Amino acid sequence: MIQFEETFFEGEERDGFYIEPMMKRVWAAQMEVLKDVERVCQKYNLDYFADWGTLLGTIRHKGFVPWDDDMDICMRREDYMRFIAVAQKELPKGYAILNIHTEDDFPDMLTRIVNSHGIQIGEEHLQKFHGCPYAVGVDLFPLDYVPDDEEEEQTQLSLIKIVLETVNLIGAEYVEQERLDGMLASIEKMCGIELDRNGNLKKQLRILGEQLCCLYTKEDSNTLGSMVHLVRKSRIKLKFPKSCCERAIRMPFENIDMPVPIDYDAVLSVKYMNYMTPRRGSQNHNYPFYRKQENMLREYLKQNGLSGER
């Protein structure tokens, strides 16, 4: 268990942004989840790196970005697939591994590792996770090898896009069945597969999309990237030389150390450009993410004769 000074859990202002005491406990709980993930990585000789806001926070703040409420890491695709194959049996009891393989309706092409399936107020759980009763975890993103040839890259991205866009059409009221059947037949022909029309088509297509992300290996390419973000035609070209993640170096993060890509400058420059200049308001979800759980817990406490006050 990670040791924290009691003062760590006090509310404080960082860079002009107030961090409430429960957010500090959420941060501590997320770091505990990360440590459990790291133990699996060490056992199976898998590399992981801080990613997105966690990487930015490590370099710019030596910890969490003050207005960030989650933790992101990444792995090269080969390590990612090995990790998700063993994670459920290796991580502590009660953890949940959420991805397109474990959940029928999971919408994202990543893996979310959470410490529980819901709010936990048992003494043992609260002790391990520093008084945080909420389900918290770490988002794990795969890094894929992007073909060096631009034409090959565009062909691969087009295939992935067709597959993932078809997922969104399944069950949509505005889509005629005949059109959908035609798109499914085209995908089968292009990819040389046969879809089970009586099975979960969305799940089958998402897994196919993941397989299409893995077409190239480290022997085929000099570039790493986030294939799903490239498919979305993000304004940023999320790819960089594979040498950036050749190995990790450890850097301070709150009161632990965090593995970051050896050329973290190149990675951050691609994702955030002038990354040393703090800029708020870039979260893509409601901050803080645990507010809904907090309201549920408050109602439960009120129903059981307690005030429910924060």
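None of the figures in this text is laboratory data; all of them are computed from the coordinates on show. The model shown is predicted, which means the values in this text are computed figures rather than measured ones. Using ideal geometry, Cβ is built from the backbone for each residue, glycine included, and neighbour counts are taken over all protein chains shown.
Annotations for the structure displayed:
- If you bin all the Cα-Cα distances of the stretch 158-281 at 10 Å, starting from zero, the percentages per bin are 10, 30, 26, 20, 12, 1.
- Percentage, to the nearest whole number, of Cα pairs in the stretch 107-156 over 14 Å apart: 65
- Over all distinct Cα-Cα pairs of the stretch 51-191, the Kirkwood formula returns a hydrodynamic radius of 18.4 Å.
- Shown here are the Rg and Dmax of the Cα trace of the chain, at 21.0, 65 Å.
- Rel. contact order, % - alpha carbon contacts under 8 angstrom, at least six apart, the chain: 19
- Pairwise label distance in nanometres, residue 287 with residue 243, each label 7 Å out on the Cα-Cβ vector: 3.6
- Pairs spanning more than 19 Å between alpha-carbon atoms, out of 203/237; 24/292; 35/62; 161/237: 203/237.
- Sites residue 168 and residue 4, calculated FRET efficiency, Cβ-Cβ separation with R0 25 Å, nearest 0.05: 0.05
- The calculated Kirkwood hydrodynamic radius for the stretch 1-89 is 14.3 Å, given to one decimal from all distinct C-alpha pairs.
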